[in-house]
Amino acid sequence: MRFVDIIEKKRWKEELTEEEIRWWIQRYVAGEIPDYQVSALLMAICLNGMTARETSALTMAMMESGETIDLGEIEGVKVDKHSTGGVGDKTTLALGPMLAACGAKVAKMSGRGLGSTGGTLDKLESIRGFNCYLDKETFIRQVQDIGIAVIGQTESLVPAKKLYALRDVTGTVASIPLIASSIISKKLAAGAEVIELDVKYGDGAFMKTAEEAVELAKMMIYLGEACGRKVRAMITDMNEPLGLAIGNALEVIEAVDTLRGRGPADFTELVLSSGANILTEAGLAADKTEGRRKMEDVIADGSALEKLKEMVRAQGGDVAQIEHPELLPKADFVTPVVSKGTGYVRRARALELGRLAMEIGAGRETKEDVIHPETGIVLGKKTGDFVKSGDILAWVHHRGPLGEEWLERLYAAFEMSTEPVPEKQLIYKTL
């Protein structure tokens with residue numbers, strides 16, 4: 001078999017066989033096929049797509065490219081959630097402890113962020129001493145004992161995920177078959193029985209339209225269910241940031257506030273709806289109404305916050321920073337940015353706000369960049385809010401001077417209207 005023949009076959013829009021796909025992934029992981037050839041195939045896939053059968057074969061080949069985790073010895077239903085990424089997305093930090101407090105077993109493997117803000121691991125590492133890298137046995141034991149563990153992915157788990165790094169630098173990220181196979185192969189390898197997907201669309205997401213997000217979600221549900229998993233998806237709006245906080249320690253604070261019942265309305269709604277879906281699919285609630293009530297109950301009685309503290313303590317973190325979030329890393333400067341005029345916020349642009357946060361240290365543009373967990377932006381106004389001249393649009397948490405151009409871009413990120421703006425619909429559809 002020659003790899004150039006596989007490239008040419010896909011160039012002419014022909015269907016690759018399972019044998020060809022498996023051979024490609026095995027040889028690439030072994031270092032026997034150069035990046036420049038794989039880049040050519042990825043571009044052909046981007047342009048010409050893959051059939052459901054091809055995508056399923058690619059998912060399985062990627063999953064089988066490394067070790068998998070057997071969660072069978074853990075009693076109870078093992079659940080996981082995955083977001084396709086966005087600005088201000090700290091969902092795992094609130095949803096995970098709530099699910100664990102409701103009796104689910106949350107075995108979560110997360111990654112780091114590359115772009116506007118840090119990933120879940122970066123947020124957790126804002127907490128002093130938190131250890132994201134447990135060995136497999138400790139991970140399984142912690143999930144069994146306290147119901148939740150969130151750790152980093154190992155290099156041996158789905159090593160074919162190095163395709164993602166290659167896609168990132170070759171303009172081949174936004175391909176539904178490639179996105180779907182990448183996500184689901186990791187979820188299957190990590191062993192969860194019930195998987196909830198938060199597929200985002202809009203300005204701050206890979207999928208720019210709701211229709212594209214639905215197509216991606218349907219493909220991932222098909223792939224997961226074909227392998228015996230229960231998979232559901234929510235299609236959610238990412239035209240503006242989720243919640244108010246953008247930045248790692250700031251998002252930890254917002255997650256803690258949410259577990260105390262004081263979170264932003266949109267973020268709280270997303271967490272409650274997602275949790276209700278998961279509890280229903282896991283058989284821990286009769287329906288979504290009961291699932292939502294259980295989620296609200298564990299906030300009200302404090303047990304969800306206690307689960308977060310248990311996880312932080314078990315993974316070496318300073319629980320005092322959860323009990324007293326003001327002890328988390330603080331920026332040298334906090335600058336309020338006030339409105340220059342009067343009107344309604346038509347949109348707080350997610351992509352630009354994320355980029356602005358990254359530029360002051362809240363995210364990384366390259367893997368080598370250092371994140372400063374204390375930096376970021378906290379929004380004072382969001383879509384639909386009425387703003388008077390002098391009202392605070394946002395608070396900027398920063399380490400050094402803010403340039404005039406940076407501030408002008410921040411102002412411009414708030415699109416204004418003289419007319420009232422309809423309330424934004426966060427959850428477009430549940431599949």
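The values are calculated or read from the model by the stated rules, or taken from the named source; none is laboratory data. These numbers come from a predicted model, not from an experiment. Note that we place each Cβ from the backbone using ideal geometry, even for glycine, and neighbour counts take in every protein chain shown. The area values use the complete protein model at the heavy-atom level, side chains included, leaving out ligands, DNA and RNA. Shrake-Rupley method; radii C 1.70, N 1.55, O 1.52, S 1.80 Å.
With every protein chain in place and a 1.4 angstrom probe, the accessible-area ranking of Asp332, Asp168, largest first, reads Asp332, Asp168. The slack in the chain from Thr418 to Thr342, taken as 0.36 nm per residue of separation less the alpha-carbon distance, amounts to 26.6 nm. Most tightly packed first, judged by the mean number of other beta-carbon atoms within 10 Å of their residues, the peptides 227-235, 89-97 read 89-97, 227-235. Amide H contacts of Arg128 (H built 1.01 Å from N, in plane; Pro and chain starts excluded): Asp318 sit under 5 Å, all sequence-distant by 5 or more or on other chains. Once the Cα atoms are used to define both axes, helix 35-48 deviates from the longest principal axis of the chain by about 80 degrees. Between Arg167, Arg409, Arg349, the Gaussian network model of the chain with springs among Cα atoms under 10 angstrom shows the greatest mean-square fluctuation at Arg409.
Relative to the longest principal axis of the Cα atoms of the chain, helix 288-300 runs at roughly 50 degrees. Which value at 222 nm does the chain reach when only helices count, each DSSP H run of 4 or more adding -39,500 (n - 2.57), with the total divided by all residues and rounded to the nearest 500 deg cm²/dmol? Result for the chain: -13500 deg cm²/dmol, rounded to the nearest 500. Residues of the stretch 315-358 with backbone nitrogen within less than 19 Å of a virtual label 7 Å along the Cα-to-Cβ line of Asp385, please, listed as ranges. Only 334-358 fall inside the zone, counting backbone N under 19 Å. Helix 18-29 axis versus longest C-alpha principal axis of the chain: approximately 60°, rounded to the nearest ten.
Measuring nothing but how far apart in sequence close Cα pairs (under 8 Å, 6+ apart) lie, relative to its length, the stretch 44-134 scores a relative contact order of 20 percent. For the chain, the relative contact order works out to 20 percent when only alpha carbon pairs closer than 8 Å and six or more residues apart are counted. Surface analysis of the stretch 193-293 yields an accessible area of 33 Å² per residue, using protein heavy atoms and a 1.4 Å probe. Hand me the trypsin sites (Lys or Arg not before Pro) from the stretch 1-36 located in a DSSP loop with no more than 13 other Cβ atoms within 10 Å, in residue order please. Here the trypsin sites (Lys or Arg not before Pro) that fit, given the DSSP loop and packing criteria, are Arg2, Lys13. Fully extending the segment from Glu211 to Glu365 would add 52.6 nm, taking 0.36 nm per residue of separation and subtracting the current Cα-Cα distance. Antiparallel beta bridges, as assigned by DSSP with both residues in the chain, represent about 50 percent of the total such bridges. Compactness check for the stretch 2-54: Cα Rg over 2.2 N^0.38 Å is 1.03.
Our coupling estimate for the stretch 86-95, obtained by passing each phi through the Karplus curve with A = 6.51, B = -1.76, C = 1.60 and θ = phi - 60°, is x, 9, x, 8, 10, 4, 4, 5, 9, 5 Hz, Gly and Pro reported as x. Cβ-Cβ distance of Gln425 and Glu32, R₀ of 56 Å, FRET efficiency by 1/(1 + (r/R0)^6): the value works out to about 0.70. What the pair-distance distribution of the chain shows, using all Cα-Cα distances binned every 20 Å from zero, is 26, 57, 17, 0 percent. Here is the size of the stretch 1-100 from its Cα atoms: Rg then Dmax, 18.1, 51 Å.
When the C-alpha to C-alpha distance is required to be over 19 Å, the pairs from Lys78/Lys429; Lys136/Lys187; Lys81/Lys230; Lys10/Lys187; Lys108/Lys230; Lys9/Lys162 that qualify are Lys78/Lys429; Lys10/Lys187; Lys9/Lys162. Global size of the stretch 148-256: 15.0, 39 Å for Rg and Dmax (C-alpha atoms, Rg to one decimal, Dmax whole). Ligands, DNA and RNA are left out, and with a 1.4 angstrom probe the accessible area of the stretch 308-397 is 45 Å² per residue. Peptide packing: for 396-405, 54-63, the average count of neighbouring Cβ atoms within 10 Å per residue gives the ranking 54-63, 396-405, highest mean first. Ligands, DNA and RNA aside, Leu223 has an accessible area near 0 Å² when probed at 1.4 Å.
Counted residue by residue at 0.36 nm each, then reduced by the alpha carbon distance between them, the extension gain from Arg260 to Ala226 reaches 8.4 nm. Between the C-alpha center of the stretch 238-314 and that of the stretch 26-57 there is a gap of 38 Å. Taking the protein heavy atoms of the chain in the context of the full set of protein chains, the accessible area attributed to carbon and sulfur is 51 percent at 1.4 Å.
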